[in-house]
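These notes concern the structure reproduced below.
The values are calculated or read from the model by the stated rules, or taken from the named source; none is laboratory data. Owing to the predicted nature of the structure, the values given are computational and were not obtained by experimental measurement. Methodologically, a virtual Cβ is constructed for each residue, glycine included, from the backbone with ideal geometry; neighbour enumeration extends over all protein chains shown. Surface accessibility is based on the protein's heavy atoms, side chains included, excluding ligands, DNA and RNA. Shrake-Rupley method; radii C 1.70, N 1.55, O 1.52, S 1.80 Å.
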Amino acid sequence: MIKFLLSRLLQAVPVLIIVITATFFIVHAAPGGPFSADKAVPPEVIQALEAQYKLDQPVWRQYLGYLGDIARGDFGPSFKYPGRSVNELIMAGLPITAELAFYAMIIAILIGVLSGVGAAMRPNTLQDYVPMTLAMIGICMPSFLLGPLLVLVFGIQLELLPVSGWGDIPGDKILPSITLGTGYAAFIARLSRGGMLEILSQDYIRTARAKGLRETTVIIKHALRGGLIPVVAFLGPAFAGLLAGSFVVETIFQIPGIGRFYVQAAFNRDYTLILGMTIFLSTLIIIFNLISDLISIWLNPKLRDEVSNG
Amino acid sequence: MKEISLILNLSELLKKSINLLKLVFLAQLLLLSASCGDSQTNVEKGNINGTLYWGNGTEPQSLDPQIATGVPEHHVISALMEGLVLKDRKTLLPKPGVAESWDISDDGRVYTFKIRDNARWSNGDSLTANDFVWSWWRALQPALGNLYAYMLFPIENAQEYYEGALTDFSKVGAKALDENTLQVTLNHPTPYFLQLLDHYSLFPVHKETIEKFGAADERGTRWTYAGNLVGNGAFTLDEWEINRKILVKKNKNYWDSDNVDLNEIVFLPIDNMVTEERMFRAGQLHVTSSLPADKIAAYKEIDDSPMRISPYLGTYFYRINVDVPHLQDPRIRRALAMAIDRVNLVEKITKGGQIPAYAMTPPGTMGYFPESSLQYDPERARKLLSDAGYPNGKDFPITEILYNTNEGHRKIAIAIQEMWKKNLNIDIQILNQEWKVYLDSESAGEYQISRAGWIGDYVDPNNFLDMFICEGGNNRTGWCNEEYDDLILKIAPATKSHKERLEIFQKAETMLLDDMPVIPIYTYTSIQLIDSAVKNFDSNIMNHAYYKDIYLESLN
Amino acid sequence: MDKLNNITSQVEASSELKSSSLWRDAWIRLSKNRLAIAGLIVLLTLIMISLLTPIIAPYGYEEQNLAIGATAPSEEHLLGTDIFGRDMLTRIMYGGRVSLMVGFVATSVALVIGISWGAIAGFFGGRLDAVMMRIVDALYALPFMIFIILLMVVFGRNILLLFLAIGAVEWLTMARIVRSQVMSIRNQEFIEAAYSIGLTRWVIIKKHIIPNTIGPVIVYTTLTIPSVMLLEAFLSFLGLGIQPPQSSWGLLINYGVETMEEYPWLLIFPGMALSLTLFSLNFLGDGLRDALDPRASKD
């Protein structure tokens, strides 16, 4: 097991290097520089700015310089927010987005797995149709629609919950978490229903049932671990996607998280900020995919043996 | 057995996270119900404490007045710093700021400012004429990357110094005669010079603070952080949480602090207009920076509507790339301009009381009302097009309108596309590009027709017309007319009277409209929601806010 | 051992069976599922409407009437008009052409790449798996938006590019799901049995592995189609997708959200069109899953 973990962590190094390299050159090749503006920028200014941020050097030299910097843990200064370092910006937004993503994920897993498994236990009954219909509505309802709807109903009509903010007014974390979690809940519900149905028709479950075990025991002890494999495979990238995709929710609810930084950075061509965010997110993605693979292995006894033996 | 224990662990973990979540939500709900008794909105709280909650658009990129550009930055900086001259909040006529008085020489080239004795920095240091000289020296350092350096160019030799033709700053026309006397010499008599002094690029900055955090011309040092920044405005910077809020508090060392009523201003960066409007409705904001066009009708219906629509010094227009073969003929460009039904466009699409524009300069800019031969006339437009070789639009190449991704621009382009189709029978494609790509395409001349807007830096026709000189960085149409350049660069500055000057501008404007490298569409308005408690916040065409005048008065 | 023999004979039987009968059985099972058939009929109807739109649409999709502006549903305009006075029914019909095409084509791209990638990685495992899945990790991490902007500038605006761009992101999760499914199957007895009768790896992947991943794949596919339709709207915003006056359901919904308080019909009707498609897809998907389930015949 430890060997497996070590090898996966080692594999992460080339992946990160590829991501950094590709992103670096993509970002530099993209049209529009960080300093172009609505009003014409005098050539003197462009020259001065490019010199200051070393953009006047050949790209390969900039690239090597950048690698050197990040090796020292320095993501450089933001181009667009003079005076702010990328490290500082990420650290300012990260705790907020992480908290938001955590709540959303818990909501998604709870609602998703419960309703999906419930539906699979009694397929083609009300217990199946109701949660699955809701799930489909959840999928149809992208967060840019659900968010404003919730705000209008609970924030403005009923005046129950705050319409914006994060940690400023009591209760302001509820609507954003629900908005972000719902779409994923719907996905998970569908995937877990499908996975469970698959497993429930397998021989070993029939055997277990034939032994006269209680249905809940069958589900929890035998079916769940196989049935949730597709969900777990989805969760890895989903969690990372949640972090990056919180942009929409952060915009609707005026939350100062990193999702907004990422999108603003791309629009602003804030090279260092884009790169810093990408490196950060790809590390997260690698970690979460690894965790999700670990859980898959753990859910699948044969694979587990394979990994521990080989 | 191992498996079962693992499953138990998993369910344990799940339970724990559920409990955690429950706890958090419960805590939130408890707090919510606890606060229900004294449930107060920002606006209610603010009215009691003297705190103004201000919707400020996007997150300010910098609070360094010699680096910043943009409206959100301007709002915050103008609370923190002040120039030699202020403006009347309604008429925008100059009134004393840091300078208590000034003299202008007879030839209009030499200004002598008397700086008030009690002018001080927020740390208590006294503010002197030398501070201005040093600040303007800094503003002209190319390394700083000051996009508004050109605001100082009316000052003698400033442009030469900035461009490196001159290295001796003492030759630039800004001198401290003594602690309290600043003498400024200009290249030409510049009627709008006093106005420029209220622009943040000419604000004074605190030398000791800047040098404490880095070199004077170093970009992005930490001197603008909360706790570091020393300014001379009515407020001081107390907190700056990026993407969350900027909090400024009343500055006790401000020379006129007795007349400042607000205790605090909270600037909230809200880049989504729809969110901002909802926050206003929920009582989170006193003032919004904008209002979505589709909400205007509903707000018009309300009695005592919080909506305020006022004229704004800016023109929405389309640039035409005159180097595109089928757009080279001025008759075609005029035909396009005449085939736009501006009245319908502003009434049905933009809906914000915008004024149809038939000239580049907004009417009434420094008493200048441009005359124009342009009007909505599909009949003549068709005739012009036919004269240019395309009767009934036959064989007219498919033409592209470029705009940067934005809901408002999209709607306008769609409406114009259809108007040109209907009136001229020509096919138009619409192309949107992301902002930076659009800027690249436009400045490289890789477009046919492109959407543009210009907001005045100062109230003078010059600001709108000098864009289209041959070498103008903001021209971008490829249009070049030497006679026009002469009018703007040589003849207008040399005029002796205001009337004569305006006549020159009219002449230039007519040339521009005859050749039509740009199609004026409408004059902007600023549309805001303002809570009824906000007083002394008058509208003006620059949409400048003078926070020192504002006070909050609640009926309750 | 008995069991293994039993399974071996099953495997032999199924590989000998012509696939046509497999499909026929599946079709028979599917046709008994009323919901699935209803879904199929609705989908076919939507596709027919899309194909016939240029003939049957009541108005032109670009035809404006600024004088009337946004009006609620009426006899003249069954689903109302947008702020330009354009008929919403017409626009939804035309939008469906774009959305359905993007939905199906881009999802197919994702499906083909995702299934092959995931199946190969999961089946062979080891170093090949590691390399392939690390490539997936790397692709997840690239800044998608910048990438799109660059693509657009290099290749210009092109509807093919749109499919490619969407397919390129959507296949990643598909590959992960298929891979994990394959890994859980590849060690099961019937696969071992298939080896024992001397089937080649490729035949096993094609005939036994992929069909057994069909459940999660169908579910995930039906989930992918709506998100692809919404992604198209985002790409169109960036300038890659379609340009006005053309539209799509995703774009119509996006614009509808902005004015949902003022002109709710601009949101509700395109939303209903998208939901209708999604619901029928799901019913059909569930039915297909049940019908194609290799074990289902034993019931």
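With the structure loaded, tell me whether A:Glu88 is assigned to a helix (DSSP H, G or I), facing another protein chain (nearest Cβ under 9 Å) and among the acidic types (Asp, Glu) or whether it fails that test.
yes
Among residues belonging to region B:435-450 that are closer than 23 Å to B:Tyr148 by Cα and either more than 9 Å from chain A (Cβ to nearest Cβ) or open to solvent by 50 Å² or more (accessible area, probe 1.4 Å) (or both), point out the one that is nearest to the chain's Cα centre (by Cα).
Among residues in region B:435-450 that are closer than 23 Å to B:Tyr148 by Cα and either more than 9 Å from chain A (Cβ to nearest Cβ) or open to solvent by 50 Å² or more (accessible area, probe 1.4 Å) (or both), the one nearest to the chain's Cα centre (by Cα) is B:Trp435.
Might you check whether a residue that is hydroxyl-bearing (Ser, Thr, Tyr), more than 30 Å from B:Ile296 (Cβ to Cβ) and more than 7 Å from every other protein chain (Cβ to nearest Cβ) occurs anywhere in region C:251-260?
Within region C:251-260 (the criterion being hydroxyl-bearing (Ser, Thr, Tyr), more than 30 Å from B:Ile296 (Cβ to Cβ) and more than 7 Å from every other protein chain (Cβ to nearest Cβ)), the answer is no, since none of the residues qualifies.
Can you confirm whether region B:162-174 contains a residue that is in contact with a His (Cβ under 9 Å, 6 or more places away or on another chain) and open to solvent by less than 40 Å² (accessible area, probe 1.4 Å)?
no
I'd like to verify a number: residues in region A:33-69 that are among the basic types (Lys, Arg) and modelled with pLDDT of 90 or more, how many?
Final tally of qualifying residues: 1.
Would you mention how many residues in region A:156-209 are hydroxyl-bearing (Ser, Thr, Tyr) and without any contact (Cβ under 8 Å) to a residue 40 or more places away in the chain?
Adding up the residues that qualify gives 3.
Those residues that are among the small types (Gly, Ala, Ser) and in a helix (DSSP H, G or I), I need them from region C:150-198; list them, please.
Hits for region C:150-198 are C:Ala165, C:Gly167, C:Ala168, C:Ala175, C:Ser180, C:Ser184, C:Ala193, C:Ala194, C:Ser196.
Could you check, for region C:105-116, whether at least one of its residues is more than 11 Å from chain A (Cβ to nearest Cβ), within 24 Å of the chain's Cα centre (by Cα), open to solvent by less than 30 Å² (accessible area, probe 1.4 Å) and of a type in the set (Ser, Thr, Tyr)?
yes
Taking the criterion of being buried (at least 22 other Cβ atoms within 10 Å of the Cβ) and of a type outside the set (Val, Ile, Thr), would at least one residue in region A:202-216 satisfy it?
The answer is no, given that none of the residues of region A:202-216 is buried (at least 22 other Cβ atoms within 10 Å of the Cβ) and of a type outside the set (Val, Ile, Thr).
Could you tell me which numbered condition B:Thr477 fails, if it satisfies all but one of (1) in contact with a Leu (Cβ under 8 Å, 6 or more places away or on another chain); (2) in a loop (DSSP other than H, G, I, E, B)?
(1)
Counting only residues that are assigned to a loop (DSSP other than H, G, I, E, B) and over 26 Å from B:Ile309 (Cα atoms), which one in region B:320-359 is nearest to the chain's Cα centre (by Cα)?
Here the answer is B:Asn321.
Could you look through region A:163-177, keep only residues that are in a loop (DSSP other than H, G, I, E, B) and either among the hydroxyl-bearing types (Ser, Thr, Tyr) or more than 7 Å from chain B (Cβ to nearest Cβ) (or both), and pick out the one that is surrounded by the most Cβ atoms within 10 Å (Cβ to Cβ)?
A:Ser164
Regarding region B:125-144, can at least one residue be identified that is out of contact with any Phe, Trp or Tyr (no Cβ under 6 Å at 6 or more places or on another chain) and on the phi > 0 side of the Ramachandran plot?
Within region B:125-144, not a single residue is out of contact with any Phe, Trp or Tyr (no Cβ under 6 Å at 6 or more places or on another chain) and on the phi > 0 side of the Ramachandran plot.
So which residues in region B:458-474 are more than 14 Å from chain A (Cβ to nearest Cβ) and more than 13 Å from B:Phe153 (Cβ to Cβ)?
B:Val459, B:Asp460, B:Pro461, B:Leu465
Search region A:21-47 for residues being small (Gly, Ala, Ser) and open to solvent by less than 20 Å² (accessible area, probe 1.4 Å), and hand back the single one that is farthest from the other protein chains (Cβ to nearest Cβ).
Among those residues, the one meeting the criterion is A:Ala30.
I'd like the full set of residues that are assigned to a loop (DSSP other than H, G, I, E, B), open to solvent by less than 50 Å² (accessible area, probe 1.4 Å) and either modelled with pLDDT under 95 or in contact with a strand residue (DSSP E or B) (Cβ under 8 Å, 6 or more places away or on another chain) (or both), limited to region B:69-92.
If the condition is that a residue be assigned to a loop (DSSP other than H, G, I, E, B), open to solvent by less than 50 Å² (accessible area, probe 1.4 Å) and either modelled with pLDDT under 95 or in contact with a strand residue (DSSP E or B) (Cβ under 8 Å, 6 or more places away or on another chain) (or both), then B:Thr69, B:Gly70, B:Leu84, B:Leu92 are the ones that fit.
Is it true that some residue in region B:399-416 is within 14 Å of chain A (Cβ to nearest Cβ), assigned to a strand (DSSP E or B) and buried (at least 23 other Cβ atoms within 10 Å of the Cβ)?
For region B:399-416, residues within 14 Å of chain A (Cβ to nearest Cβ), assigned to a strand (DSSP E or B) and buried (at least 23 other Cβ atoms within 10 Å of the Cβ): present.
Would you check if C:Gly95 is of a type outside the set (Phe, Trp, Tyr), under 18 Å from A:Ser292 (Cβ atoms) and in contact (Cβ under 8 Å) with a residue 60 or more places away in the chain?
No: the conditions fail for C:Gly95.
Looking only at region B:369-388, count how many residues are in contact (Cβ under 8 Å) with a residue 24 or more places away in the chain and either assigned to a loop (DSSP other than H, G, I, E, B) or small (Gly, Ala, Ser) (or both).
Count: 10.
Matching residues to (1) modelled with pLDDT of 90 or more; (2) surrounded by fewer than 22 Cβ atoms within 10 Å (Cβ to Cβ):
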site: A:Leu100; (1), (2): yes, no
site: A:Met121; (1), (2): no, yes
site: A:Ile137; (1), (2): no, yes
site: A:Leu145; (1), (2): no, yes
site: A:Leu161; (1), (2): no, no
site: A:Arg193; (1), (2): no, no
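Can you pull out the residues in region A:244-258 that are part of a helix (DSSP H, G or I) and either open to solvent by 10 Å² or more (accessible area, probe 1.4 Å) or at the interface with chain B (Cβ under 10 Å from one of its Cβ atoms) (or both)?
A:Ala244, A:Gly245, A:Phe247, A:Val248, A:Glu250, A:Thr251, A:Ile252, A:Phe253, A:Ile258
Can you tell me which condition B:Ile527 does not meet? The list is (1) out of contact with any Ser or Thr (no Cβ under 6 Å at 6 or more places or on another chain); (2) in a loop (DSSP other than H, G, I, E, B), and all the others hold.
All conditions pass for B:Ile527, except number (2).
For region B:471-513, give me the residue count where each residue is open to solvent by 10 Å² or more (accessible area, probe 1.4 Å), closer than 24 Å to B:Ala452 by Cα and out of contact with any helix residue (DSSP H, G or I) (no Cβ under 7 Å at 6 or more places or on another chain).
Total meeting the criteria: 9.
Restricting the search to region B:227-281, which residues are within 30 Å of A:Gly257 (Cα to Cα), open to solvent by 30 Å² or more (accessible area, probe 1.4 Å), part of a loop (DSSP other than H, G, I, E, B) and away from chain A (no Cβ under 12 Å)?
Correct list: B:Gly227, B:Asn263.
Just wondering, is there one or more residues in region A:298-307 that are aromatic (Phe, Trp, Tyr), within 10 Å of another protein chain (Cβ to nearest Cβ), surrounded by fewer than 24 Cβ atoms within 10 Å (Cβ to Cβ) and over 30 Å from A:Pro82 (Cβ atoms)?
yes
Criterion first (within 14 Å of another protein chain (Cβ to nearest Cβ), free of Cβ contacts under 8 Å to residues at least 12 places away in the same chain and surrounded by fewer than 19 Cβ atoms within 10 Å (Cβ to Cβ)) does B:Lys95 satisfy it?
Against the criterion (within 14 Å of another protein chain (Cβ to nearest Cβ), free of Cβ contacts under 8 Å to residues at least 12 places away in the same chain and surrounded by fewer than 19 Cβ atoms within 10 Å (Cβ to Cβ)), B:Lys95 does not qualify.
Of all residues in region B:475-497, which are under 28 Å from the mean Cα position of the chain (by Cα) and either farther than 24 Å from B:Ser105 by Cβ or within 14 Å of chain A (Cβ to nearest Cβ) (or both)?
B:Asn475, B:Arg476, B:Thr477, B:Gly478, B:Trp479, B:Cys480, B:Tyr484, B:Asp485, B:Leu487, B:Ile488 - these are the residues of region B:475-497 that are under 28 Å from the mean Cα position of the chain (by Cα) and either farther than 24 Å from B:Ser105 by Cβ or within 14 Å of chain A (Cβ to nearest Cβ) (or both).
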